[in-house]
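This report refers to the structure that appears directly beneath it.
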Amino acid sequence: MIEHTLSLCYHNKLILAPMVRVGTLPMRLLALDYGADIVYCEELIDLKMLQCKRVVNEVLSTVDFVAPDDRVVFRTCEREQNRVVFQMGTSDAERALAVARLVENDVAGIDVNMGCPKEYSTKGGMGAALLSDPDKIEKILSTLVKGTRRPVTCKIRILPSLEDTLSLVKRIERTGIAAVTVHGRPARDGLAFPAGSYAAPAPYNRGHGETSSVAQNPVLRGRVTFLRKREERPQHPVSCEAIKAIAETLSIPVIANGGSHDHIQKYLDIEDFRQATAASSVMVARAAMWNPSIFLKEGLRPLEEVMQKYIRYAVQYENHYTNTKYCLCQMLREQLESPQGRLLHAAQSSQEICEAFGLGAFYEEMTRELNTRRAELLARTPEAVGEPAEDPSGVIKMAVKFDRRAYSPQITPKMCLLEWCRKEKLAQPVYDTVQRPLDRLFCSVVTVAEQKYQSTLWDKSKKLAEQAAAIVCLRSRGLPEGRLGEESPSWHKRKREATDQDPGGPRNQEQAVPGELCKKLFVALGSGEESPLEGW
């Protein structure tokens, strides 16, 4: 067994729950600012993580796990390293261990999702589907405990009977895990747990859904139902008694979860929920999503202050604007029809989000700072200062890579090279790209005016290799390559012309009503998933 080199304490802790599309780095840091002791990332699927490459991001001072399409799947930083728990979705012990070993040097703990009842998780044998297979649960957890240097936990829901639940958690404890989180509601949504086994939920009249004053507004009523009716209304009341029975049975820490609906609306409610469940710690999901300052002893901070602080983290760590927008919409909730909410609806970039919240100057300052860091780092690399050299075969070569962060999103080296060829009335560039069998990396040679150009550095994708070849050609000829701050004036002209000639562009289309805009946002971000919230 591998010795655990970092022991994360799960006694008397306030914990940010894993929530899909919410538990990204900006929200985790914000929760830590407001008093959370431990923060969980959103559930990340093992197969997706195993495709990722660990990259040290010197510009942002982060560690990024990057997918083959260059999308950042998981981003973390030194500040949270000793307090962030990585939650994975898995149904296979060996895959789970491979993921744990991939991330263990950058996180404080490893958690396995065994409670999400949604189809996107259960259809792969993950989440709550594991609850019907105790043998697989035991194998996954035992393999992780023996094979990783970080403490291992899991998150479950209660079973149809208390007896079955206690039997399961005893078996889980014997695997040697450090703690177990119990969501005090049963798994549902098509799983083989009889609905009749549970009492109907008590009326829920805390200002959400049709019972709130929002129901008096027909525009809001339709949208609030869309946002909350499924994902915020519990189908069953949280069972403090079941969590308490588990806590009194086990010797390892039990973390109580599921109290946001029925119990937790302010800081003091967290302790009340802990006492009612006799749990060691409390994990908070929706109440923290609505206002992360729920962890603050002094009480909730004004939402405007909380949102501005969140936006600053989102810009500082280059969070994708659609994710930032989603989280802000969750915080605004009934205020989505306010003037600020309408501006948020219309925002189509991080800059526009900042402007909607009076942070335009901050965005410009942070963008300049990040671009300066990139320029300094690029200046130190051989790729940035390499001189073109012609080898005996007549191919001009340089050691360069295409770093998309150093270029305008609308302008790439390939586009610049094509534009120059058109202007000079030359045949368009021809790319010849090969893949190396040993490591499956790519290299491309571009031919322009019968001269060949190639980067000596191999890339992980065909597209990146072609961009690198285009850079070699452009630099050899002393031509602009589309880097930030050096776009060719002709490109600006072409972009303006394209905008003027496109009556169907997003800025020229008739504005949809705010409710529809918000609905489209959530549909787009949902990607077909019923609940965009907790990783369970």
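Touching a residue at least 12 places away in the same chain (Cβ under 8 Å), assigned to a helix (DSSP H, G or I) and open to solvent by less than 10 Å² (accessible area, probe 1.4 Å): is that true of Leu141 in this structure?
Judged against the criteria, Leu141 is a match.
Looking at the stretch 389-421, which of the residues that are of a type in the set (Phe, Trp, Tyr) and either in a strand (DSSP E or B) or open to solvent by 40 Å² or more (accessible area, probe 1.4 Å) (or both) is modelled with the lowest pLDDT?
In this case the residue turns out to be Tyr407.
Give Glu58, Glu43, Glu80 a once-over and let me know the one that is touching a helix residue (DSSP H, G or I) at 6+ places or on another chain (Cβ under 8 Å), of a type in the set (D, E, K, R) and open to solvent by 50 Å² or more (accessible area, probe 1.4 Å).
Being touching a helix residue (DSSP H, G or I) at 6+ places or on another chain (Cβ under 8 Å), of a type in the set (D, E, K, R) and open to solvent by 50 Å² or more (accessible area, probe 1.4 Å) holds for just one of Glu58, Glu43, Glu80, which is Glu58.
In the stretch 422-441, what residues are at pLDDT below 90 and surrounded by 15 or more Cβ atoms within 10 Å (Cβ to Cβ)?
Once the filter is applied, which keeps residues that are at pLDDT below 90 and surrounded by 15 or more Cβ atoms within 10 Å (Cβ to Cβ), the stretch 422-441 yields only Leu441.
Does at least one position in the stretch 244-259 carry a residue that is among the acidic types (Asp, Glu) and at pLDDT below 95?
no
Test Pro117 against the criterion of being open to solvent by 40 Å² or more (accessible area, probe 1.4 Å) and either more than 20 Å from Arg21 (Cα to Cα) or not in a helix (DSSP H, G or I) (or both), and give yes or no.
Here the answer is no, as Pro117 does not meet what is asked.
Asp69 fails exactly one of the following numbered conditions: (1) under 14 Å from the mean Cα position of the chain (by Cα); (2) in a loop (DSSP other than H, G, I, E, B); (3) of a type in the set (D, E, K, R). What is the number of that condition?
Checking Asp69 against (1) under 14 Å from the mean Cα position of the chain (by Cα); (2) in a loop (DSSP other than H, G, I, E, B); (3) of a type in the set (D, E, K, R), the one that fails is (1).
Taking the criterion of being open to solvent by 10 Å² or more (accessible area, probe 1.4 Å) and under 18 Å from the mean Cα position of the chain (by Cα), would at least one residue in the stretch 342-354 satisfy it?
So far as the stretch 342-354 goes, yes, one or more of its residues are open to solvent by 10 Å² or more (accessible area, probe 1.4 Å) and under 18 Å from the mean Cα position of the chain (by Cα).
Is one or more of the residues making up the stretch 273-281 part of a loop (DSSP other than H, G, I, E, B), open to solvent by 40 Å² or more (accessible area, probe 1.4 Å) and among the basic types (Lys, Arg)?
no
What is the number of the single condition among (1) modelled with pLDDT of 95 or more; (2) closer than 14 Å to Leu130 by Cβ; (3) open to solvent by 10 Å² or more (accessible area, probe 1.4 Å) that Leu191 does not meet?
Single failed check for Leu191: (1).
Which one of these is among the β-branched types (Val, Ile, Thr), under 30 Å from Ala187 (Cα atoms) and under 16 Å from the mean Cα position of the chain (by Cα): Val103, Val63?
Val103
Considering only the stretch 321-333, state which residues are touching a Ser or Thr at 6+ places or on another chain (Cβ under 8 Å) and either β-branched (Val, Ile, Thr) or open to solvent by 10 Å² or more (accessible area, probe 1.4 Å) (or both).
Scanning the stretch 321-333 gives Tyr321, Asn323, Thr324.
Under 7 Å between Cβ atoms, which residue pairs at least 6 apart in sequence (or on different chains) link something in the stretch 273-289 that is on the phi > 0 side of the Ramachandran plot with a partner that is open to solvent by 10 Å² or more (accessible area, probe 1.4 Å)?
Listed pairs, sorted by first residue: Ala278/Lys244; Ala278/Ala247; Ala278/Glu248.
Identify the single condition in (1) surrounded by fewer than 15 Cβ atoms within 10 Å (Cβ to Cβ); (2) free of Cβ contacts under 8 Å to residues at least 12 places away in the same chain; (3) closer than 30 Å to Lys463 by Cα that Cys9 does not satisfy, given that it satisfies every other one.
Cys9 satisfies every listed condition except (3).
Please state which one of Arg101, Arg75, Arg54 is among the charged types (D, E, K, R), without any contact (Cβ under 8 Å) to a residue 60 or more places away in the chain and part of a strand (DSSP E or B).
Arg54
If we scan the stretch 21-40, do we find a residue that is modelled with pLDDT under 95, part of a loop (DSSP other than H, G, I, E, B) and open to solvent by less than 30 Å² (accessible area, probe 1.4 Å)?
no
Failed condition for Lys309, given (1) assigned to a helix (DSSP H, G or I); (2) open to solvent by less than 60 Å² (accessible area, probe 1.4 Å); (3) closer than 17 Å to Val22 by Cβ, with all others met?
All conditions are met except number (2).
The values are calculated or read from the model by the stated rules, or taken from the named source; none is laboratory data. None of these values were measured; they are calculated from a predicted model. Heads up, the Cβs are rebuilt from the backbone with ideal geometry, glycines too, and the neighbour counts pull from every protein chain shown. These accessible areas exclude ligands, DNA and RNA; they are computed on the full protein's heavy atoms, side chains included. Shrake-Rupley method; radii C 1.70, N 1.55, O 1.52, S 1.80 Å.
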